[in-house]
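The values are calculated or read from the model by the stated rules, or taken from the named source; none is laboratory data. Note that the structure is predicted; figures quoted are calculated from it, not measured. All Cβ positions, glycine included, derive from the backbone under ideal geometry; neighbour counts span all protein chains shown. Calculation scope for accessible area: heavy atoms of the full protein, side chains included, ligands and nucleic acids excluded. Shrake-Rupley method; radii C 1.70, N 1.55, O 1.52, S 1.80 Å.
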Amino acid sequence: MSALRAPVTVVWGVGEERAKLLARLNIFTVEDLLLHRPRRYEDRRKFRAIREVRLKEAATVRGKIIAAGVKRFRKGTRSMFECIFDDGTAHLYCRWWQAQAWMPDWFTVGREFLIYGKPDALKPRTMTHPETELVEPGDDEFIHVNRIVPIHPLTEGLTARVMRTLVWRALEKFVAGAREGATLFPEWRVADDKLAARPRGAPTLPSRANAVYLIHFPEEQPDVDVARQRLALDEFVEMQTQIQLRRKKFEAAAKALPCGGDNHLLKPFLAGLGFKLTDAQTQVLREIRADQGGAHPMRRLLQGDVGSGKTAVAACAALMTLESGFNAALMAPTEILAEQHFRNFSKWFQPLGVRVEMQTGTRKTSNLQPPTSNTEVAGNDAARSTSTLRSAATNDGHHASPVTLYVGTHALLNSGFELPSLGLVIIDEQHKFGVAQRETLVRKGNYPHLLVMTATPIPRTLGLTLYGDLDVSVMAESPAGRGEIKTFLRTTETLPKVFAFIRDKISQGRQAYVVYPRVEVADTDLDIKAVTKEFENVQRALAPFKAGLLHGRVRPADQERVMADFRANRIQALVATSLIEVGVDVPNASVMLIENAEHFGLAQLHQLRGRIGRPLPSSPGAAVHAHESFCILISNAQNEEAQARLKILERTNDGFKIAEADLKLRGPGELLGQQQSGAMKLRFGDLIEDLPLIQQAKEVAAKNLQSPG
Ligand code: ADP
Ligand code: MG
């Protein structure tokens, strides 16, 4: 067993007790200790004189205690511990609110300390709750002072000095030799060989052993950065290797069905579509056709901002498959969106003789069945009933069945439903699906081609890691005719005015969305509005116009009715949760009000407002246009960061800029989803900033896999 995997107790000074404390920091092995990343560094080669400290400017000083004691206030309910340090140039008062029992025994007159903090007053010079470290004469002076020293993340009962000592001992015992070129750890040598495969022109990075050393004890400040880069690179190589292995395994196992098509359905479809594909759409379709006609199943991620026309691309990809004689499936994250796709595709495909079948958790419907006596006809484009589907399914055995497009929600994944001769799976709005789900689905269909579509612009770093096993297409251009959306950030005081504005738009013939973050009010957060509670208020505010209620707990059949009413303008306002976030397309709706906007992610808000400003149906050849649209964000959030975040939406409609800003402000959690974030514990790598390293790692991993050993 490699010494790196040895329990941390092999380090001198770590017994049972300390091992328990270290475990709280997720340090179990020697390697964990060696990779325990300092949270900051202090340059202790030269200390600031106490006389020289500046207001609110962090500084490290060194001083002896000349007085110390506890002060009590308010009849003893509040206490403060105070020490006065002297370094020969001036005095520094340090204070801690709520004196701890150990303090008087620790901070005794005559002891010398290093003190790090920001002065909050200069007359007298004062620091509140500074970090301190006892200076013990003769004890490892060269570790703790006279150099740039690491300050590690700590836990109660473990001081910075003890932690630094333990790390130092581990480095001396396990790494110092490796720095000299000794091959202590085979796995580190492998990592160094990988490094040799770095692209030409990239800056030289230290060996892994050196990097581990320098991350704790840099000789100069810049050492920290190169060491971090080196360790991050190793993490990314590891990650990319896994991703590429997964893809290789998949390619070895999977043979593709030929789904490139012959245009006999695609041509008439495009001719009747009513608009010309944009160059971006055409380009993506060229890529898709090459993939679907190739030897390995396609695995493609299509990224395009809200309204860029991904649905038409999906339709064309499906038709290529269908005209090749295989079935296709289209999956959406919500029933509403699945329902909408079902309508559109039924309308588009019916004239082509393609069957479209709806498969959701609650219901199955098909467009190509003779209406039976118990068929309920909703709208005039689809006949629906559970019993008709079953009969259609049994009919399949007797007649040569037409090719079928299955439309559904991800309930399709769990239904145990077999999709026969499945050539293509399209997943709409992928950010709602985890990798695991994606895999399940693909396995169901015995490796069909896979097209994943998302409007959430995934910054390239994440694309390379999360979707490293997919090819990525980006549609940067949106079809002309997309309306401008004007966005405003307001507070609740303006609500009466906002509702007056909405009434005004409705009386001009438009429709509106009103969105709330919650379905029901929780006792714990009374400040967050819930859709069920606000519904009546909205109804009253907009009367005599009509409003409908839509959220996840409304029965699917009722959801559908409300949507149908809204589409037909029988109701003028849709009061909803973020359920309507994806896909919903009602071009007459031109106003959106979002309350408690601070409770949504920026990318999510951008998606939501993508429901307005949608192009109006037009006759072939005529110019497409949309209603002038307004999105009003309501937030009473006091903190500056929340305000700054929401202001980004006022400024830009560019989904990529918004996603990047969101990522910077909130970290990758929201984009990664739960399943994925667990797999991405990076100690040194930064998914936001490290694009070049990730790219290098990708190449290194590819080279390694080509020539193993
Ligand atoms: P998203 O990419 O958000 O899924 P959609 O596919 O819903 O976008 O398309 C948005 C709107 O743009 C739809 O009304 C669609 O009919 C229309 N559209 C798509 N492609 C074109 C095009 N090439 N020219 C004009 N309008 C288009
Ligand atoms: Mg869409």
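Remarks
- Some residue of the stretch 444-455 being under 24 Å from Gly309 (Cα atoms), modelled with pLDDT of 85 or more, more than 21 Å from the chain's Cα centre (by Cα) and open to solvent by 20 Å² or more (accessible area, probe 1.4 Å): no
- Among residues of the stretch 304-320 that are closer than 16 Å to Pro268 by Cβ, those with a beta-carbon under 7 Å from a residue that is near ligand 1 (Cβ under 6 Å from one of its atoms) at least six positions away or on a different chain give the pairs Ala312/Leu277; Ala312/Gln281.
- When residues in the stretch 256-276 are screened for being within 23 Å of Arg300 (Cα to Cα) and touching a Pro at 6+ places or on another chain (Cβ under 6 Å), 1 of them pass.
- Residues that are among the aliphatic types (A, V, I, L, M) and more than 32 Å from the chain's Cα centre (by Cα) were ranked within the stretch 31-58; the one that is surrounded by the fewest Cβ atoms within 10 Å (Cβ to Cβ) is Leu55.
- Every residue from the stretch 342-357 that is open to solvent by 10 Å² or more (accessible area, probe 1.4 Å), out of contact with any Phe, Trp or Tyr (no Cβ under 8 Å at 6 or more places or on another chain) and within 16 Å of ligand 1 (Cβ to nearest atom): Arg343, Asn344, Lys347
- Qualifying residues in the stretch 305-339 (those that are in a loop (DSSP other than H, G, I, E, B) and β-branched (Val, Ile, Thr)) - the one farthest from ligand 1 (Cβ to nearest atom): Thr334
- Restricting the first member to the stretch 79-92 and to residues that are polar (S, T, N, Q), and the second to residues that are in a loop (DSSP other than H, G, I, E, B) and open to solvent by 10 Å² or more (accessible area, probe 1.4 Å), the beta-carbon pairs closer than 8 Å and six or more apart or on different chains are Ser79/Gln98; Ser79/Ala99; Thr89/Ala49.
- Reported count of residues in the stretch 553-573, each being open to solvent by less than 50 Å² (accessible area, probe 1.4 Å) and over 33 Å from the mean Cα position of the chain (by Cα), is 3.
- As for the stretch 538-554, it holds at least one residue that is aliphatic (A, V, I, L, M), more than 25 Å from Leu665 (Cβ to Cβ) and part of a loop (DSSP other than H, G, I, E, B).
- Leading residue by the ranking (farthest from ligand 2 (Cβ to nearest atom)) among those in the stretch 575-621 that are in contact with a strand residue (DSSP E or B) (Cβ under 8 Å, 6 or more places away or on another chain) and of a type in the set (S, T, N, Q): Asn596
- Which numbered condition Ala576 misses (of (1) under 20 Å from Asp428 (Cβ atoms); (2) open to solvent by 30 Å² or more (accessible area, probe 1.4 Å)): (2)
- Selection within the stretch 59-71 - at pLDDT below 95 and open to solvent by 60 Å² or more (accessible area, probe 1.4 Å): Arg62, Val70, Lys71
- Residues (open to solvent by 30 Å² or more (accessible area, probe 1.4 Å), over 24 Å from Trp348 (Cα atoms) and assigned to a helix (DSSP H, G or I)) located in the stretch 242-289: Gln242, Gln244, Leu245, Arg246, Arg247, Lys248, Lys249, Glu251, Ala252, Ala253
- The set of residues in the stretch 8-30 being surrounded by 13 or more Cβ atoms within 10 Å (Cβ to Cβ) and either aromatic (Phe, Trp, Tyr) or outside any loop (DSSP other than H, G, I, E, B) (or both) consists of Val8, Thr9, Val10, Arg18, Ala19, Leu21, Leu22, Ala23, Phe28, Thr29, Val30.
- Among (1) assigned to a helix (DSSP H, G or I); (2) away from ligand 2 (no atom under 16 Å from the Cβ); (3) over 30 Å from Arg555 (Cα atoms), the one test that Ser346 misses: (3)
- Condition check for Glu357: away from ligand 2 (no atom under 16 Å from the Cβ), closer than 13 Å to Gly408 by Cα and modelled with pLDDT of 90 or more: yes
- Contacts under 6 angstrom Cβ, first residue in the stretch 501-518 being more than 25 Å from Asn636 (Cα to Cα), partner surrounded by fewer than 19 Cβ atoms within 10 Å (Cβ to Cβ), 6 or more apart: Ile506/Phe545; Gln511/Asn588
- Hey, Arg247 within 16 Å of ligand 1 (Cβ to nearest atom) and either more than 18 Å from Gly423 (Cα to Cα) or not hydroxyl-bearing (Ser, Thr, Tyr) (or both) or not: no
- Among the residues of the stretch 288-333, those that are of a type in the set (Val, Ile, Thr) and either within 11 Å of ligand 2 (Cβ to nearest atom) or under 23 Å from the mean Cα position of the chain (by Cα) (or both) comprise Val306, Thr311, Val313.
- Of note, Arg286 satisfies the criterion of being away from ligand 1 (no atom under 14 Å from the Cβ), free of Cβ contacts under 8 Å to residues at least 12 places away in the same chain and under 21 Å from Pro448 (Cβ atoms).
- Of the set (1) within 31 Å of the chain's Cα centre (by Cα); (2) away from ligand 1 (no atom under 16 Å from the Cβ), all apply to Thr278 but (2).
Table: residues versus (1) part of a loop (DSSP other than H, G, I, E, B); (2) touching a residue at least 40 places away in the same chain (Cβ under 8 Å).
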position	(1), (2)
His36	yes, yes
Arg48	yes, no
Val61	no, yes
Ala67	no, yes
Arg72	no, no
Lys75	no, no
Arg95	no, no
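- Residue check for Ala295: open to solvent by 30 Å² or more (accessible area, probe 1.4 Å), among the hydrophobic types (A, V, I, L, M, F, W, C) and over 25 Å from Gly353 (Cα atoms): yes
- Condition check for Asp105: among the acidic types (Asp, Glu) and assigned to a strand (DSSP E or B): no
- Matching residues, the stretch 587-613, being within 28 Å of the chain's Cα centre (by Cα), open to solvent by less than 10 Å² (accessible area, probe 1.4 Å) and within 13 Å of ligand 1 (Cβ to nearest atom): Gln607, Leu608, Arg609, Gly610, Arg611, Ile612, Gly613
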